[in-house]
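Colleague: Please see the structure below; I have some questions.
No value in this document is a laboratory result; all are computed from the given coordinates. Keep in mind that this is a model prediction, so the values were computed, not measured. Heads up, the Cβs are rebuilt from the backbone with ideal geometry, glycines too, and the neighbour counts pull from every protein chain shown.
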Amino acid sequence: TILIVDFGSQVTQLIARRVREAGVYSEIAPFQSAQAAFERLKPKGIILSGGPASVVDEGSPRCPAAILESGLPIFGICYGQQLLNAQLGGRVEKGNSGEFGEAFLEVDDACTLFDGLWQVGERHQVWMSHGDHVAELAPGFRPVASSRGAPFAMMADDARRIYGMQFHPEVVHTPDGAKLIANFVRHVCGLAGDWTMAEFRAAKIEEIRAQVGTDKVICGLSGGVDSSVAALLIHEAIGDQLTCVFVDGGILRAGEAEQVVSLFREHYHIPLVHVEAQDLFMDGLKGVTDPEAKRKFIGKTFIDVFEAEANRIGGARFLAQGTLYPDVIESVSFTGGPSVTIKSHHNVGGLPERMNMALVEPLRELFKDEVRVLGRELGLPDVFVGRHPFPGPGLAIRIPGEVTRERCDILRKADAIYLEEIRAAGLYDAIWQAFAVLLPVRTVGVMGDARTYDHVLALRAVTSTDGMTAQAFQFPGDFLPRVSTRIINEVKGVNRVVYDYTSKPPGTIEWE
Ligand code: XMP
């Protein structure tokens with residue numbers, strides 16, 4: 001096991017993911033409880049994450065002395081490097097200007113982490129995001145790589161097996177970063193690298209059994225991959241103690257309800273309650289235009305429905321959800337770190353404070369593509385595993401402004417045409433997520449000989465590996481004009497179609 005100590009970075013889970021990719025199990029502990037986690041896990045190596053604080057500031061987070069003095073291999077990233085250096089006797093300086101984004105590293109000296117990877121004298125691309133930097137090395141360290149803004153971009157002490165780097169090896173913009181992390185866990189920590197998703201499945205099943213005992217669990221199914229995988233995993237753990245609840249609040253895509261209900265009832269024989277709650281959702285959404293207010297209302301209403309169903313089946317103490325890591329980090333840093341809230345994803349931050357059920361979230365540390373691997377491991381059909389993500393708040397967050405039945409109907413039709421054309425063009429699997437957005441803006445058009453004054457529809461399609469960053473998908477030349485024409489001809493209420501080219505960041509994938 002590797003212990004990852006979290007100092008509040010937005011990308012700490014990416015470190016865990018890279019460690020999993022190297023075939024090694026890891027756990028993340030917030031710095032406040034790192035010592036307890038260290039004693040419990042007896043790890044073979046430690047990774048210290050980045051974080052938004054400044055080592056130089058009084059009261060900034062520290063690494064427990066027990067870890068520093070353990071004699072175990074340690075790998076510090078960004079804040080983690082500065083912390084290692086400061087706590088072991090070196091000096092860290094506040095920068096006047098930072099380095100943000102792509103940077104180039106000069107490899108100055110050999111180091112175990114570079115085995116089979118980098119040679120002295122080479123230059124390599126890395127990703128930087130820092131204000132402070134190491135100014136004077138702590139005793140025992142030698143510089144092994146430098147960049148323009150960070151003379152000690154990488155420091156090493158092979159004898160103590162302690163390494164620090166200013167850049168972020170866990171993000172894809174450091175192309176060799178995953179290999180540096182793999183070298184650390186395998187070569188430096190000596191771990192075998194034979195951990196697989198099958199072991200994750202087995203371990204989670206034990207964990208779920210231990211958490212719920214003989215109680216009943218309700219699982220909110222959204223129709224997406226995540227909640228489906230969570231439901232299958234939980235069903236494998238506790239059988240018919242699980243009841244799935246599928247809520248139709250009028251904010252689902254075309255055909256969604258039928259597909260989900262038949263997959264679970266007929267294919268898997270998992271008990272499923274199909275709740276028709278269109279009135280409840282549509283009435284409550286009247287007049288709501290603020291994106292966070294929508295998310296909060298929908299989150300709360302889902303919980304109301306789940307609680308009512310829990311009572312109906314004679315008391316369920318647990319609510320299961322397919323929450324993934326990107327949902328968690330963008331709602332609130334669950335480690336208690338000071339990351340910023342981007343959106344309240346409804347199955348996380350949108351939950352009401354008072355809730356009578358405890359949460360079961362077995363996928364909370366995984367990324368989407370890992371959930372897909374787990375889904376295949378659990379035998380979920382390929383068409384389901386490969387489905388594009390669909391957010392819990394559904395079409396409601398794809399209708400900026402007020403959500404009405406009529407707008408949902410317009411959007412559903414346009415979205416179905418868009419996706420039908422994407423499938424027909426054989427592009428579905430090349431795209432992470434594609435959907436239409438109905439804007440509260442009307443523009444003037446001319447159809448036949450008449451003037452029209454109707455909604456604008458935006459089309460969005462992005463590529464991504466984990467939903468944390470994304471790029472607009474480039475369609476072949478004739479695709480968008482064809483879809484645009486079809487939508488305007490076939491969907492009453494839309495007379496103009498535009499395409500969204502924004503990447504994430506600075507945009508987000510959904511519009512709200
Ligand atoms: P954003 O829009 O934040 O979306 O870039 C990242 C990914 O998360 C999905 N998403 C959600 N999923 N509940 C979910 O289950 C939510 O509240 C939610 N909001 C966004 C989004 O579709 C994209 O795949």
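Colleague: Among the aspartates and glutamates, which have Cα under 12 Å from the Cα of LYS94 when same-chain residues fewer than 8 positions away are ignored?
Modeller: The reachable aspartates and glutamates, counting only those whose Cα sits under 12 Å from LYS94, are ASP57, ASP132.
Colleague: Given an 8 Å cut-off on Cα distances and at least 6 residues of separation, report the relative contact order of the range 398-512 as a percent.
Modeller: 28
Colleague: Within the range 417-461, name every residue whose backbone N is under 16 Å away from a label modeled 7 Å from Cα of VAL498 along the Cβ vector.
Modeller: 436-445, 454-461
Colleague: Going down the table (LYS179/LYS368; LYS296/LYS492; LYS42/LYS204; LYS300/LYS504), which pairs top 24 Å between alpha carbons?
Modeller: LYS296/LYS492; LYS300/LYS504
Colleague: Give the peptides 424-436, 461-473 in descending order of average Cβ contacts within 10 Å, highest first.
Modeller: 461-473, 424-436
Colleague: Rounded to the nearest 0.05, what FRET efficiency do GLU206 and MET355 give with R0 = 25 Å and r taken as the Cβ-Cβ distance? Could you check?
Modeller: 0.50
Colleague: Over the chain, what is the relative contact order in whole percent, taking alpha-carbon pairs under 8 Å and six or more residues apart?
Modeller: 11
Colleague: Pull up all non-local amide H partners of THR452: gap of 5 or more, or a different chain, and H-to-H distance under 5 Å with H placed in the peptide plane.
Modeller: GLY445, VAL446, MET447
Colleague: Could I ask something else about it? Take the Cα coordinates of the chain, assign each an equal point scatterer, and use the Debye formula without solvent to give log10 I(q)/I(0) at q = 0.07, 0.08 Å⁻¹.
Modeller: Values, matching the q order: -0.44, -0.57.
Colleague: For the range 4-59, taking Cα atoms only, what is the radius of gyration to one decimal and the Dmax to the nearest whole Å?
Modeller: Rg then Dmax for the range 4-59, in Å: 11.9, 38.
Colleague: To continue, here is another question. Taking the range 145-303 on its own, what percent of its Cα-Cα pair distances exceed 24 Å?
Modeller: Roughly 60 percent, once rounded to a whole number.
Colleague: I would also like to ask the following. Please give the FRET efficiency for GLU122 paired with VAL383, using the beta carbon to beta carbon distance and R0 = 60 Å, rounded to the nearest 0.05.
Modeller: According to the calculation, E is roughly 0.85.
Colleague: Kirkwood Rh and Cα-based Rg: tell me the resulting Rg over Rh for the range 371-498, rounded to two decimals.
Modeller: Value, to two decimals: 1.01.
Colleague: For the range 2-188, compute the orientation-averaged projected area of the C-alpha convex hull (one quarter of its surface), in nm².
Modeller: In nm², the orientation-averaged hull projection of the range 2-188 is 9.1.
Colleague: Right, something else. Beyond 24 Å, what share of the Cα-Cα pairs of the range 197-385 is found? Please give it as a whole percent.
Modeller: Every Cα pair in the range 197-385 considered, those over 24 Å come to 37 percent.
Colleague: Follow-up. Could you give each residue of the range 83-91 its phi-based ³J(HN,Hα) in whole Hz, using Karplus coefficients 6.51, -1.76, 1.60 with θ = phi - 60°, and x for Gly or Pro?
Modeller: 5, 4, 5, 5, 6, 9, x, x, 10
Colleague: Could you work out the local net charge near LEU113, counting Lys and Arg as +1, Asp and Glu as -1, over the other residues with Cβ closer than 12 Å to its Cβ?
Modeller: -2
Colleague: Based on alpha-carbon centroids, what's the gap between the range 44-108 and the range 236-273 in Å, whole number please?
Modeller: 47
Colleague: Roughly how big is the chain's charge dipole about its Cα centre, with Cβ charges of +1 (Lys, Arg) and -1 (Asp, Glu), in debye to the nearest 20?
Modeller: 400
Colleague: Would you calculate the separation in nanometres between label points at HIS187 and ARG142, each defined as 7 Å from the Cα along the Cα-to-beta-carbon direction?
Modeller: 1.5
Colleague: Compute the separation of the alpha-carbon centres of the range 463-512 and the range 116-139 and state it in Å as a whole number.
Modeller: Computed from Cα coordinates, the inter-centre distance equals 39 Å.
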